[in-house]
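Q: Can you keep this structure in mind? I'll have questions shortly.
The values are calculated or read from the model by the stated rules, or taken from the named source; none is laboratory data. This one's a predicted model, so the numbers in the text were calculated from it and none came from an experiment. As a convention, Cβ positions derive from the backbone with ideal geometry for all residues, glycine included, and neighbour counts pool all protein chains shown. Note: accessible area is taken over every heavy atom of the protein model, side chains too, but ligands, DNA and RNA are not part of it. Shrake-Rupley method; radii C 1.70, N 1.55, O 1.52, S 1.80 Å.
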Amino acid sequence: MSRLAAGVCLVTAHEPPLSADGPRGEDVGMTATAFMSVSLDPPLVLVSLREGSRMDDLLAEQPLWAVSLLADHQLQVAGRFSMKGRISDRLLFADLPCVRGEVSGAQVLSGALATLECRTENRVEAGDHTLVIGRVLTASLPAPDAQPLTYFRGRYRHLGQ
Ligand SMILES: Cc1cc2nc3c(=O)[nH]c(=O)nc-3n(C[C@H](O)[C@H](O)[C@H](O)COP(=O)(O)O)c2cc1C
């Protein structure tokens, strides 16, 4: 599968606070290449999440999430949101140009090629991953003419012009 060239995405969601008077909720992000379009009518997309990852645990609890399709200048974003064993993503979002999606409450990247906000329709356990199928609720094109960040044979690549 390393020979399948893929676009790179940032999947995000907002973890709600545990209680109204407790600490505020937290933004969570995860770099993903296992993302695809599923259906046009209704508009459905799919992301495959490693079972037990923080994003898999969060989307088991709440149905709203977002996807930012990364542009090639966002390579550092992909790097920071794929680090293993991190405890909190709070500082990772601190200096990123983002806006909060109006429907999902998740952070979406201002410089992304495209962004989607989704609501989970189905979850399918598949081996050591969960396939999360989401209905697209909003779509926008912050930087539609930027070049995509891609991943091929274990390395980030810039698409040749
Ligand atoms: C290029 C790239 C693509 C990735 N694609 C996926 C993916 O599609 N699904 C997934 O679950 N993890 C994927 N990962 C791994 C996650 O980004 C990584 O495991 C996660 O951010 C670490 O958090 P965790 O400790 O909660 O798993 C990918 C990593 C990289 C570098």
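Q: Please tell me if residue 57 is buried (at least 18 other Cβ atoms within 10 Å of the Cβ), more than 7 Å from the ligand (Cβ to nearest atom) and among the acidic types (Asp, Glu).
A: So residue 57 does not fit the description; no.
Q: Now, a different point. Can you tell me which residue is farthest from residue 47 (Cα to Cα) among those in region 121-161 that are among the hydroxyl-bearing types (Ser, Thr, Tyr) and more than 15 Å from the ligand (Cβ to nearest atom)?
A: 140
Q: Here's a follow-up. Among the listed residues 67, 108, 38, identify the single one that is without any contact (Cβ under 8 Å) to a residue 60 or more places away in the chain and assigned to a strand (DSSP E or B).
A: 67
Q: Let me ask another. On the given criteria, is residue 37 among the small types (Gly, Ala, Ser) and open to solvent by 60 Å² or more (accessible area, probe 1.4 Å)?
A: Considered against the rule, which asks whether it is among the small types (Gly, Ala, Ser) and open to solvent by 60 Å² or more (accessible area, probe 1.4 Å), residue 37 comes out as yes.
Q: Looking at region 1-14, I want the residues that are farther than 30 Å from residue 100 by Cβ and have a partner that is outside any strand (DSSP E or B) with Cβ atoms under 6 Å, at least 6 apart or on another chain. Which pairs are those?
A: From residues that are farther than 30 Å from residue 100 by Cβ, the pairs are 2/153; 2/154.
Q: Now for a different question. If you scan region 14-35, which residues turn out to be closer than 11 Å to residue 89 by Cβ and either in a loop (DSSP other than H, G, I, E, B) or within 12 Å of the ligand (Cβ to nearest atom) (or both)?
A: Correct list: 28, 29, 30.
Q: Does residue 80 qualify as being open to solvent by 30 Å² or more (accessible area, probe 1.4 Å) and under 11 Å from residue 27 (Cβ atoms)?
A: No, not satisfied.
Q: Only residues that are outside any strand (DSSP E or B), buried (at least 18 other Cβ atoms within 10 Å of the Cβ) and without any contact (Cβ under 8 Å) to a residue 24 or more places away in the chain: list them for region 83-100, please.
A: 96
Q: Applying the selection to region 2-30, what residues are closer than 18 Å to residue 45 by Cβ and among the hydroxyl-bearing types (Ser, Thr, Tyr)?
A: Within region 2-30, just 12 meets the criteria.
Q: Taking the conditions exactly as written (among the aliphatic types (A, V, I, L, M), within 17 Å of residue 63 (Cα to Cα) and open to solvent by 50 Å² or more (accessible area, probe 1.4 Å)), does residue 141 satisfy them or not?
A: Taking the combined requirement at face value, the residue does not satisfy it.
Q: Further question on the same structure: Just to check your reading of the model, which residue among 19, 68 is over 20 Å from residue 98 (Cβ atoms) and not aliphatic (A, V, I, L, M)?
A: So the residue among 19, 68 that is over 20 Å from residue 98 (Cβ atoms) and not aliphatic (A, V, I, L, M) is 19.
Q: Of (1) without any contact (Cβ under 8 Å) to a residue 12 or more places away in the chain; (2) in contact with a Pro (Cβ under 6 Å, 6 or more places away or on another chain); (3) closer than 17 Å to residue 148 by Cβ, residue 76 satisfies all except one. Which?
A: (2)
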